[in-house]
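Participant: Before we start, here is the structure in question, set down as structure tokens.
Just so you know, all these numbers are worked out from the coordinates, no wet-lab data involved. The structure displayed is predicted, hence computed values, not measured ones. Note that each Cβ is placed from the backbone with ideal geometry, even for glycine, and that neighbours are counted across all protein chains shown.
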Amino acid sequence: MTEAIIDPVILSTARLTLRPFDTSRHLTAQYVAWLNDPDVVRYSEQRHKVHTIESCRAFVEGFDQGPSRLWAIERRDDDTHIGNIHADIDTINSLADVAILIGNRYAWGHGFGLEAWDAVLGWLLNEYKVRKVVAGCMESNTAMLRIMQKSAMTPDGERKAHYLLDGQPEDIVFCAKFRTG
Ligand SMILES: CC(C)(COP(=O)(O)OP(=O)(O)OC[C@H]1O[C@@H](n2cnc3c(N)ncnc32)[C@H](O)[C@@H]1OP(=O)(O)O)[C@@H](O)C(=O)NCCC(=O)NCCS
């Protein structure tokens with residue numbers, strides 16, 4: 001696996017371009033508003049926080065050093081920034097933990113989440129050659145569960161009644177995909 005990454009990685013899919021997150025272009029009030037939208041963060045621990053440009057900048061700057069990556073997801077037809085996807089990369093264990101947020105709710109349900117997800121998993125496993133990709137979500141997050149299933153991830157354990165969602169205990173479900181080649 002590559003130890004140090006210098007080149008920016010731009011991933012193109014049929015309808016999306018995934019660009020390295022650029023603060024001058026992507027760190028916007030709209031992005032902050034996504035994180036403060038209760039519907040968008042319903043299944044995320046981010047729902048307990050108030051987000052600001054400064055807090056988002058701190059998150060983004062965390063990717064400046066080290067191998068982990070944050071991409072902005074843009075539609076190719078109109079260049080709209082619809083969300084972000086990131087991979088926390090653990091080079092020692094050749095492992096990547098991926099998470100996605102399609103913040104623009106009007107973009108939900110059109111297959112953009114799966115399209116971005118497949119592109120990042122493909123790059124991590126086939127180009128960067130990480131050994132294992134993992135992800136997790138609350139059991140009630142049906143759309144995220146479908147994305148993990150449809151990207152051919154397999155069950156990788158769960159944490160029973162781990163979080164409280166609307167006051168009710170909620171399992172966290174983990175999935176994984178291993179490099180085969
Ligand atoms: C979860 C999320 C990434 C899904 O993205 P998306 O672009 O709407 O998903 P897609 O359109 O690619 O759909 C993927 C699958 O989920 C299904 N799906 C989408 N929205 C759904 C919903 N609200 N309820 C149930 N299933 C849903 C789709 O039908 C599709 O399955 P199918 O092909 O079997 O029909 C997006 O809703 C999101 O970012 N939500 C907020 C942040 C979040 O929860 N991130 C994940 C936490 S780890």
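Participant: Residues in the stretch 24-49, backbone N under 17 Å from the label point at Ala143 (7 Å along the Cα-to-beta-carbon vector): list them, ranges by number please.
Facilitator: It comes to 31-47, nothing else.
Participant: On to the next question. How far, in nm, would the chain grow between Asp171 and Asp22 when pulled straight, counting 0.36 nm per residue and subtracting the alpha carbon separation?
Facilitator: My answer for the length gained is 50.2 nm.
Participant: Once you have the alpha carbon radius of gyration of the chain, what is it after dividing by 2.2 N^0.38 Å, with N set to its residue count?
Facilitator: Compactness ratio reported: 1.00.
Participant: Can you give the charge dipole size of the stretch 11-131 about its Cα centre, rounded to the nearest 20 debye, using +1 on the beta carbon of Lys and Arg and -1 on the beta carbon of Asp and Glu?
Facilitator: Magnitude of the dipole: close to 100 debye.
Participant: Here's a follow-up. If you rank Glu170, Glu127 by fewest surrounding Cβ atoms within 10 Å, what's the result?
Facilitator: Ordered from fewest to most neighbouring Cβ atoms within 10 Å, Glu170, Glu127 come out as Glu127, Glu170.
Participant: Would you mind checking the stretch 118-157 for residues with the amide N under 11 Å from a putative spin-label position 7 Å along Cα→C-beta of Ala107?
Facilitator: Counting backbone N atoms under 11 Å from the label point, the list is empty.
Participant: In the stretch 86-145, what chymotrypsin sites (Phe, Trp or Tyr not before Pro) fall in a loop by DSSP, with at most 16 other Cβ atoms inside 10 Å?
Facilitator: Passing sites in the stretch 86-145 are Trp108.
Participant: Tell me which of Pro20, Trp108, Ser68 sits at the most positive position along the dipole axis of the chain, charges placed on C-beta atoms (Lys, Arg +1; Asp, Glu -1).
Facilitator: Value: Trp108.
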